[in-house]
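Please read the structure below before turning to the comments.
The values are calculated or read from the model by the stated rules, or taken from the named source; none is laboratory data. Given the structure is predicted, the values throughout are model-derived calculations rather than measurements. Here the Cβ is made from the backbone with ideal geometry for all residues, glycine too, and neighbour counts use every protein chain on show.
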Amino acid sequence: MSPLPKLQKILSEFGVTSRRKAEELIREGRVAVKGRLAQIGDRADPFQDSIKIDGRRITPFPPKLYILLNKPRGTVTTLDDPEGRKTVIDLLRIKKPRLFPVGRLDYDAEGVLLLTNDGEIAHRLSHPSFRVPRTYLVKVSGKPTPEEIRRLSHGVFLEDGRTAPCHIFNLKETRENLWLQMVLYEGRNRQVKRMWEKIGYPVLKLKRVEFAGFKLGRLKPGEYRFLQPGEVQRIKEGAGERKKGGKGIYEIFQKRGSRIYQPHGRPENP
Ligand code: URA
């Protein structure tokens, strides 16, 4: 049986303070275990023993962390990869608490990926009933017609059911390809690629530029930042809902004069 962890390790792993600071606190006589003043080198069972700092008990629950990562291409969003490929977790400097990605992005896709250890928030952001918007920049091979795109925005039948209505905006046309922006309100596995495959236009490039209102900002591929408390609060209050008075996607694209494929059914202007 492995020995119990040292107090300073417990305090740092629970996000109370750094190990060095924890040692200082112990030396200063401010830490007690099971009612007795702790000494440097003391060990404790973090889930059984009462550990107090300045008389206040610490709880054995790790802090909730929320990270916004610009996932680079060539990384997997699973926690372990049987093929030994690099995972998004490998990109993080913090190893504990264990974080997990909210939803998936394909190996060859890049862009916004949230990571957290907050199961409640992850559920809120992933479950289709919350209709959290995710915006993709998509390059397709070939030139789908306006009618085909309109039909796609109304929903197509895939092997796991009909897709929910989505918004599609034309961005740019090259000789052989079309660039579009798509706003989806559900996140099925490989959904964008499967939708375009279904109508005969394979996806060549895919980037998620926004998820639940979070954009990449200045983050380069592979870089990440912690969400601010206010941003976390925003998710808790209403995942993906836009701020009151803010412009919706529809209004923004309308202003830019791009062709808009507005589905008849849900969603209305998000
Ligand atoms: N749709 C896809 O096809 N792939 C992704 O990674 C995300 C959405």
**OP:** Name, by its number, the condition in (1) more than 22 Å from Asp118 (Cα to Cα); (2) at pLDDT 90 or above; (3) assigned by TED's automatic domain parsing to the domain that holds Ile235 that does not hold for Thr77.
**Re:** (1)
Original post:
What number goes with the only condition from (1) touching a strand residue (DSSP E or B) at 6+ places or on another chain (Cβ under 9 Å); (2) farther than 30 Å from Val31 by Cβ that Leu92 does not pass?
Top reply: (2)
Subject >> Residues of the stretch 24-83 classified as surrounded by fewer than 15 Cβ atoms within 10 Å (Cβ to Cβ) and in contact with a Gly (Cβ under 8 Å, 6 or more places away or on another chain), total >> reply: 4
Original post:
What is the residue count in the stretch 185-219 for residues that are within 16 Å of Asp160 (Cα to Cα) and either within 11 Å of the ligand (Cβ to nearest atom) or in contact with a Phe, Trp or Tyr (Cβ under 7 Å, 6 or more places away or on another chain) (or both)?
Top reply: 12
